[in-house]
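The values are calculated or read from the model by the stated rules, or taken from the named source; none is laboratory data. Because the structure is a prediction, the values reported are computed rather than measured. Note: ideal-geometry Cβ built from the backbone for every residue, glycine included; neighbour counts use all protein chains shown. To get the accessible areas, we keep the full protein, side chains included, count just its heavy atoms, and leave off ligands, DNA and RNA. Shrake-Rupley method; radii C 1.70, N 1.55, O 1.52, S 1.80 Å.
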Amino acid sequence: VWILSRGRALRDLSGKPTAVVLGTHIDISETKRSEMALRESEQKYRMLTESMKDVVWTLDAETLRYTYISPSLTKLTAYTPEEVMPHPLGFTMPTEAREELRAVIRRRAADLRIGKISPDLFFTDEIPLPHKNGDIRITEAVSRYGINTHTGRIEVHGVTRDITERKRAEAEREQLTRAIEQSGETIVITDAKGSILYVNPAFT
């Protein structure tokens, strides 16, 4: 049982402290259990997010500033969360891309306020993120909008994943496909049994 104890020494008629203490004990067991459960939950959440390769983040949709970014941001962009959080969203991005992204977030936040979109709706956006060395990393951000019950403000909760290599592979595959399609040579792909799987236009 946890109690909150408050007390003070009583004084006699001359004003001198006596050996008698007047006090109260308040049972705060339920509050302490809630605090400990919350602390344990926060520790598990941080352990999970800080060990992930993907970047977990929370954004205030009104100020467009992050309230949380997981440390994996540094692996993705070489910027630390401490370097990014004091600035509005996209401060390292080119102006046009930054303003477009901010406009999208403001529009979705406004739609949430009027009930046009549900808090259960997830959005997937492809976002170019500048690396500290000048490179551009192509990322995929999955996000959800909700209203913080304590502050009444709209928050965006999201996970950002680096898809640069995937996009590069897709581009190379498209180039190869285009080369095969435009080739003047006949190209046929079969399986091990000789069944035709693909022929290019030159074959046709």
Output the relative contact order of segment 94-196, whole-number percent, from Cα pairs under 8 angstrom with separation of 6+ residues.
16
Per residue, how many Å² of accessible area does the chain show with a 1.4 Å probe?
70
Mean Cα-pair separation over length for the chain, i.e. relative contact order, pairs under 8 Å, 6 or more apart, %:
14
Multiply the residue separation of Asp135 and His150 by 0.36 nm, subtract the distance between their alpha-carbon atoms, and state the gained length in nm to one decimal.
1.5 nm
List, in the order given, every pair from Lys116/Lys167; Lys53/Lys167; Lys32/Lys53 whose Cα-Cα distance in the structure shown is over 29 Å.
Lys116/Lys167; Lys32/Lys53
Where in segment 172-204 are there trypsin sites (Lys or Arg not before Pro) that are in a DSSP coil and have at most 11 other Cβ atoms within 10 angstrom of their Cβ?
Lys193
Give me the percent of the accessible area of segment 21-110 that comes from carbon and sulfur atoms, probe 1.4 Å, all protein chains in place.
57
How would you rank 94-107, 77-90, 28-41, 55-68, highest first, on the average number of other Cβ atoms within 10 Å across their residues?
55-68, 77-90, 94-107, 28-41
When only DSSP loop residues count, what chymotrypsin sites (Phe, Trp or Tyr not before Pro) in segment 133-204 have their Cβ near at most 16 other Cβ atoms within 10 Å?
Phe203
Using alpha-carbon coordinates, inclination of helix 95-113 to the longest axis of the chain, degrees:
60
So which GluC sites (Glu not before Pro) in segment 134-188 pass both tests, a DSSP loop state and at most 13 other Cβ atoms within 10 Å of the Cβ?
Glu185
Is the shape of segment 38-162 rounded, prolate or oblate, going by the alpha carbon gyration tensor and its root eigenvalues a ≥ b ≥ c, with a/c under 1.5 for rounded and a/b larger than b/c for prolate?
oblate
So for R0 = 45 Å, FRET eff. of Glu30-Asp111 from the Cβ-Cβ r, to 0.05, ends up at 0.70
